Amino acid sequence: MSAGATAVTSEYAVEILGVHKTFGSLEVLRGIDLQVRRGEVTVILGPSGSGKSTLLRAINHLERVDTGLIKVDGELIGYRQKGNRLHELSEREVLHQRSSIGFVFQNFNLFPHLTVLQNVVEAPVSAQKRNRAEVETEARALLERVGVADKADAYPRQLSGGQQQRVAIARALALRPKVILFDEPTSALDPELVGEVLAVIKQLAHHGTTLIVVTHEIGFAREVADTVVFMDAGVIVEQGPPQQVLDAPQHERTRTFISRVL
Ligand code: ADP
Ligand code: MG
């Protein structure tokens, strides 16, 4: 760093350092280190039970880690540092922090009793205290962007799975997030609806949004990822550009996994 530079924000959108997480006697994350640069797309692959969802949930503080640190945009998740001591954030502070991190779930998780537009407007108004009229204008533009503007006044149950997931993506974007986390966003969709959701995610990638995507869609990883991470049994087995991890994996476990999902 040059003299006098004040590194308030980090070059990384997300930094994960030495993260361990245990459920009962099961060590689900066994020392995870991962850095995600701003504007890059990281795809996480790995067998069921390898800890992928737990890792995403930890970034959003939906799970508390046992040891290790997570930073988003240079800011510690869940804690405030005073001198060399860490103090836990209050529930309210955690909610505020979480509101700058988008999360797109496998099962959409839209609020069933709210319209599509209300689903997108809710968090920016309640958690970020933004002006409702302004947020509504932005929400309509986001619904347009993901191709569901005509459904603004419909309820989630009136939409296809692909449409619901695109609304969920618009809802995440409305938070103006520092990063969007996707947990198997197309796994619950009928095969013919997978493409329309992947196309929207691809478009975000090209706009420079920082994305972390857990998926089994190898073609998507190859085309869109800057970095592919392969996890197994709570560790990152290998990571690198898609050509390296997908076409020339160094580890037997990676080779076996890729040959099974292709
Ligand atoms: P993945 O997303 O890679 O399939 P998960 O992170 O969901 O893996 O789960 C990793 C392991 O942790 C699994 O064995 C799962 O059963 C276990 N696990 C996840 N969440 C909990 C929980 N809240 N309580 C107990 N065990 C859990
Ligand atoms: Mg999972």
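The values are calculated or read from the model by the stated rules, or taken from the named source; none is laboratory data. If you're wondering where the values come from, they're calculated on a predicted model, not measured in any experiment. Reconstructed Cβ throughout: ideal geometry from the backbone, glycine too, with neighbour counts over all protein chains shown. For accessibility, only protein heavy atoms count, side chains too; no ligands or nucleic acids. Shrake-Rupley method; radii C 1.70, N 1.55, O 1.52, S 1.80 Å.
Structural remarks
- Placing pseudo-labels 7 Å out from each Cα toward the beta carbon at Gln128 and Glu27 gives an inter-label distance of 3.9 nm.
- Vicinal HN-Hα couplings computed from phi for the stretch 47-61 (Karplus, 6.51 cos²θ - 1.76 cosθ + 1.60; Hz; Gly/Pro x): x, 4, x, 7, x, 5, 5, 4, 5, 4, 5, 5, 4, 8, 6
- Stokes-Einstein translational diffusion, the stretch 161-245 - Kirkwood Rh over all Cα pairs, 0.890 mPa s, 25 °C, in µm²/s: 180 µm²/s
- Gap separating the Cα centres of the stretch 39-109 and the stretch 8-34, nearest whole Å: 9 Å
- Rounded, prolate or oblate (a/c below 1.5 giving rounded, otherwise prolate when a/b exceeds b/c) for the stretch 45-179 by Cα gyration tensor: oblate
- When only Cα pairs below 8 angstrom with a gap of at least 6 residues are kept, the chain shows a relative contact order of 25 percent.
- Basic side chains Lys and Arg get +1 at the Cβ, acidic Asp and Glu get -1 at the Cβ, and with that the dipole of the stretch 3-72 about its Cα centre reaches some 120 debye.
- Candidates Lys129, Lys21, Lys151: whichever shows maximal mean-square fluctuation once the chain is modelled as a Gaussian network with Cα springs under 10 Å: Lys129
- Database remark: amide H of Val235 closer than 5 angstrom to the amide H of Arg30 (H placed geometrically; neighbours at sequence offset of 5 or more, or on other chains; Pro and chain starts carry no H).
- Cα centroid of the stretch 198-252 to Cα centroid of the stretch 131-194, whole Å: 22 Å
- Low-density loop cleavage sites - GluC sites (Glu not before Pro) in the stretch 132-166, where at most 10 other Cβ are within 10 Å (DSSP): none
- Separation in nanometres of the label points that stand 7 Å from Cα toward Cβ, at Glu11 and Gln243: 2.2 nm
- Mean separation of Cα contacts under 8 Å, 6 or more apart, over the residue count of the stretch 168-262: relative contact order %: 21 percent
- Heavy-atom accessible surface of the chain: percent carbon and sulfur, 1.4 Å: 48 percent
- Counted over the chain, the DSSP beta bridges are approximately 60% antiparallel.
- On a per residue basis, the convex hull of the C-alpha atoms belonging to the chain measures out at 156 Å³.
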